[in-house]
1. Quick check on A:ILE67: is it at pLDDT 95 or above, under 24 Å from B:TYR63 (Cβ atoms), more than 13 Å from DNA strand D (Cβ to nearest atom) and touching a Phe, Trp or Tyr at 6+ places or on another chain (Cβ under 9 Å)?
2. What tally of residues in segment A:33-75 results from selecting those that are away from every other protein chain (no Cβ under 12 Å) and either among the acidic types (Asp, Glu) or buried (at least 18 other Cβ atoms within 10 Å of the Cβ) (or both)?
3. Picking from B:LEU86, B:LEU58, B:LEU69, B:LEU64, which residue would you name as being part of a helix (DSSP H, G or I), under 23 Å from A:LEU34 (Cβ atoms) and within 12 Å of DNA strand C (Cβ to nearest atom)?
4. Being among the small types (Gly, Ala, Ser) and surrounded by 15 or more Cβ atoms within 10 Å (Cβ to Cβ) is true for just one of B:GLY164, B:GLY141. Which residue is that?
5. Please state which one of B:LYS130, B:LYS78 is surrounded by fewer than 19 Cβ atoms within 10 Å (Cβ to Cβ), in a helix (DSSP H, G or I) and either within 13 Å of the chain's Cα centre (by Cα) or more than 14 Å from chain A (Cβ to nearest Cβ) (or both).
6. List the pairs whose first member sits in segment A:98-110 and is away from chain B (no Cβ under 14 Å), whose second member is more than 10 Å from DNA strand C (Cβ to nearest atom) and part of a strand (DSSP E or B), and whose Cβ atoms are under 6 Å apart, counting only residues at least 6 apart or on separate chains?
There are 2 protein chains.
Amino acid sequence: MTQTPNKPISHAPAQGQQNQPAIPPDGPEISDLLCFAIYSANHALTRLYRPLLAPLGLTYPQYLVLISLRHNPGQTIKALGQQLDLETNTLTPLLKRMEEAELLRRVPNPQDDRSRLLELTETGAERAAKAGEITACIVEGMGGDLEELLDLRDRVNALRSRMGAT
Amino acid sequence: MTQTPNKPISHAPAQGQQNQPAIPPDGPEISDLLCFAIYSANHALTRLYRPLLAPLGLTYPQYLVLISLRHNPGQTIKALGQQLDLETNTLTPLLKRMEEAELLRRVPNPQDDRSRLLELTETGAERAAKAGEITACIVEGMGGDLEELLDLRDRVNALRSRMGAT
DNA sequence: CCACTTTATGTCGTGCACGATATAAATATG
DNA sequence: CATATTTATATCGTGCACGACATAAAGTGG
């Protein structure tokens, strides 16, 4: 475990004592930044998922859509967007690609002519089931014990909600 | 703090007792997934950075490049890629845009004709200094106390290294 | 019922990420 | 030294993200 714990995260000057900078003089290093850790962990996760999702013809965001629709059939695009914290400018093209791949349908909403409901096709449902199974492999790939991973998830989610995410 | 701690992260069947699934029957929910927490936290962070970086004419990856070059002047593209865990197919266009914006130069490496060294222009150095300062605002925006954030960073980095990231 | 506003979705342009592939220079090997 | 391999960078195509903008259908207030 190569890890140098608790280096400063920013170089905000210490309020009281000016002459003893506990913080690097010319700004933070990449390795100091929590935002970089998250940014880069996200890339690493994508790399972990890709070889497992590629055989299913799925990208990572598409995997998330399948997971979500499996638990919320007939969801609107807006509701999906709220769950994934994505806008329609991201979702519309993504969903179109998935519809073209016969994974889902965007059917009119009888309650509201502006809206569409999302339902998995049979293929989509099968794919969603397989996709759900690979999660275990990912947990494997992430290493560490389960307690740690669950705790980390909760802390990251706490950070998300402090940042005003949905 | 809306938070339901320690729901299961995957639905790997409990080894011993088949008849009492401690894990949801039809796969994980979005909110169960550590990978989604990280994926989404990354988006939230980008949203936090954007209004601060836009006035400097920077994107988030460009901000990272400036931070890195500030501490490692004359770095090669490869070295930068190792630090940011990015390939040249990402970096080359990004660096070209930054060169066009007069933030840096890609000068020939006298040691190796294949390679190029990266140096900040004067504008780039000024921008890097300003960029370093906004980190404090981000820490502000992330909320929570500093201890928590530093600990979180170290845990995320530990996860990164378990996933085989640089 | 008629503007006015809000809401659900879509379109467009830009900038990442990244797999696949290309190219030229450095290095290794016979 | 000639060939083979490796290495540093670049190119191309696809799929996100997302700001800015467009459109049509609800809703809302006179």
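1. No, not satisfied.
2. Matching residues across segment A:33-75 total 2.
3. Details: B:LEU86 fails: part of a helix (DSSP H, G or I); B:LEU58 fails: part of a helix (DSSP H, G or I); B:LEU69 fails: within 12 Å of DNA strand C (Cβ to nearest atom).
When all the criteria are applied, what remains is B:LEU64.
4. After ruling out the rest, the residue left standing is B:GLY141.
5. Values: B:LYS130 fails: either within 13 Å of the chain's Cα centre (by Cα) or more than 14 Å from chain A (Cβ to nearest Cβ) (or both).
Being surrounded by fewer than 19 Cβ atoms within 10 Å (Cβ to Cβ), in a helix (DSSP H, G or I) and either within 13 Å of the chain's Cα centre (by Cα) or more than 14 Å from chain A (Cβ to nearest Cβ) (or both) holds for just one of B:LYS130, B:LYS78, which is B:LYS78.
6. Note: pairs meeting the criteria are A:MET98/A:LEU104; A:LEU104/A:LEU120; A:ARG105/A:GLU119.
The values are calculated or read from the model by the stated rules, or taken from the named source; none is laboratory data. Remember, predicted model here, so these are calculated numbers, not experimental data. Quick reminder, even Gly has a Cβ in these numbers, built from the backbone with ideal geometry, and neighbours come from all protein chains shown.
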